[in-house]
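Here's the structure we're looking at; comments come further down.
What follows draws every value from the coordinates through simple rules; no lab data is involved. Bear in mind the structure is a predicted one, so any value in this text is a computation, not a measurement. FYI the Cβ positions are ideal-geometry reconstructions off the backbone, even for glycines, and counts take in every protein chain you see.
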Amino acid sequence: MSETGKKALLIIAGLLVCVLTFFLVYQPNSEEIVDLESQSAKLHSEVNRLTALQVQVDQMKPLAEAHESEMDMYFAEYPSRMTEQKAIYNVYRMMVDTGMDVTAVQPNRDMTFMQSGTLVSEDAAVASDNSEGVTGAAASAEISPETKVPINEILGKYTTFQLQVEGKRCEIYDALDWISENSEHMSVGNVALSRSGENNRLVGTIDVNFYSMNGNGIAYVDPDVSDIEIGSIEVFGTKQKDGGRSKGGPTYKD
């Protein structure tokens with residue numbers, strides 16, 4: 001082979017090596033470098049986002065702690081559980097303070113109105129009226145209502161007591177106000193009253209809802225019922241009226 005042919009062959013071999021190096025080494029590595037740069041940019045962007053979020057978390061933390069403290073104080077106003085004894089004691093105090101007679105008390109089952117930190121709709125509250133309706137973290141609050149649990153695990157409940165009542169119109173009005181303004185956290189439900197004869201008295205039923213917060217850490221204390229005298233005909237025996245409402249007598253007049 002002549003010198004010219006050898007040189008041509010070396011040139012071709014060199015070009016072939018360059019081409020193979022480009023396609024087999026440089027191009028794959030170049031694509032990988034581009035991918036790595038893209039991933040690095042995304043990670044850098046995510047780091048910046050998380051850093052900004054951490055700044056917001058640090059700013060919101062004192063506010064969240066203050067809010068949680070306020071919620072603890074609010075939940076502490078409720079009893080950890082509501083017993084029939086406690087409810088009937090409150091009914092008796094209402095009779096003494098207002099003069100309205102209660103001739104029968106019909107308790108209903110507990111209903112859930114707050115679970116997992118959110119209020120439960122009325123339909124859902126009815127559906128959760130069973131021991132299997134509460135699951136997960138809230139179940140521990142229901143089993144041990146006096147044990148302190150995190151706020152989002154507190155279980156809010158209410159029990160409706162239907163009262164068969166009789167009294168003057170002013171006594172009925174005072175009783176409704178007594179329920180609404182009471183520090184025990186109760187509310188008025190359905191009211192069905194009608195006049196009785198010609199003596200200007202009203203008879204019928206009033207539903208009273210008693211509220212509790214399972215898991216708020218408040219120890220339950222039995223009410224002192226030593227002054228309650230159970231009658232043979234009506235629910236309660238002889239009662240002494242405190243001159244209408246305990247603060248300055250009756251509010252309403254017939």
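Annotations for the structure displayed:
- For residue 201, distant residues with modelled amide H under 5 Å away: 196
- Available extension along the chain between residue 222 and residue 71 is 51.9 nm, counting 0.36 nm per residue and deducting the alpha carbon span.
- Residue-span extension gain [residue 32 to residue 45] - 0.36 nm each, minus C-alpha spacing: 2.7 nm
- Label point distance in nm, residue 108-residue 85, each placed 7 Å from Cα along Cα→Cβ: 2.5 nm
- Modelled label positions at residue 205 and residue 54, each set 7 Å beyond Cα in the direction of Cβ, lie 6.1 nm from each other.
- Amide proton proximity set for residue 189, modelled H, under 5 Å, gap of 5+: 207, 208, 209
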